[in-house]
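Engineer: A single structure is presented below for examination.
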Amino acid sequence: MQTFTHIIVFLLHNSTVMQFSDLDLDKSYTYADYLKWRFDERLELIKGKIFKMSPAPGYTHQRISQYVNFELYNFLNKKPCVVCAAPFDVLLSRTINEEQIATVLQPDLCVICDTSKITERGCIGAPDIVIEILSPGNNKKELQNKYEVYEEAGVQEYWIIQPSEKTFLKYTLINGAYQASRLLTIGDEVITPILPGFTLSLDEVFADKL
């Protein structure tokens, strides 16, 4: 009986927060906290602060994500780099200490050429390319914070696809700072020195399949 009581006390003491409303949004959290949470909501951590992800992506978002993923996957087949799609944790840290990791993101897609960064839990360190497909729920503060942490972490290219405007913007890391490409749209193609020979047609990305 004593052993059973001890088990109950242990479980109560170590129980995780099950309601998002129970979290203190003013507090700073780490990846160790993140691993304990079990919510219906999808969350990201940016420098220790919690950000709720947008609701489940709609059809257009999903179609674009699947198409770009398909193109990258086929191109990278039997090549050193790999493409990973959300939900897939990107831990922007040079340490594997869960108590010290303060930024955990789930970009729509990412390309990783140093596969030693990949573990069963996700990518530890900066991917080479991060791709975000914007949804109506994305807010300016979230986008600004992501821009900053991707830049600081050394993500070489940050692609932003805007389905509603049918535009594509690429930020390239040069001397530690991002420089923006011209705004691309239908009729343009995306290329990158990170993946020589790869071409992404924006006609196909933004094609209306309905």
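Engineer: By its C-alpha gyration tensor, with a ≥ b ≥ c as the square roots of the eigenvalues, how is the range 60-99 shaped: rounded for a/c under 1.5, else prolate for a/b larger than b/c, else oblate? Numbers along the way, then the final one.
Structural biologist: Numbers: a/c = 4.74, a/b = 1.60, b/c = 2.97.
The shape class here is oblate.
Engineer: If the reach is capped at under 24 angstrom between alpha carbons, list the lysines near LYS47, excluding any in the same chain fewer than eight residues apart.
Structural biologist: LYS27, LYS36, LYS117, LYS140, LYS141, LYS146, LYS170
Engineer: Explain nothing, just the number: dipole magnitude of the range 113-210 about its Cα centre with +1 on each Lys and Arg Cβ and -1 on each Asp and Glu Cβ, in debye rounded to the nearest 20.
Structural biologist: Numbers: 9 positive and 15 negative charges, 41 e Å.
That gives the range 113-210 a dipole magnitude of about 200 debye.
Engineer: Turning to a different aspect of this structure: Based on alpha-carbon centroids, what's the gap between the range 134-168 and the range 190-210 in Å, whole number please?
Structural biologist: 18
Engineer: Give the shape of the range 142-210 as rounded, prolate or oblate, defined through the alpha-carbon gyration tensor: a ≥ b ≥ c are the square roots of its eigenvalues, a/c under 1.5 means rounded, and otherwise the shape is prolate if a/b is larger than b/c and oblate if not. List each step's numbers first, then the result.
Structural biologist: Numbers: a/c = 2.58, a/b = 1.53, b/c = 1.69.
The shape class here is oblate.
FYI, it's all coordinate maths here, none of it is from the lab. Here the structure is a predicted model, which is why all the values come from computation and not from measurement. Methodologically, a virtual Cβ is constructed for each residue, glycine included, from the backbone with ideal geometry; neighbour enumeration extends over all protein chains shown.
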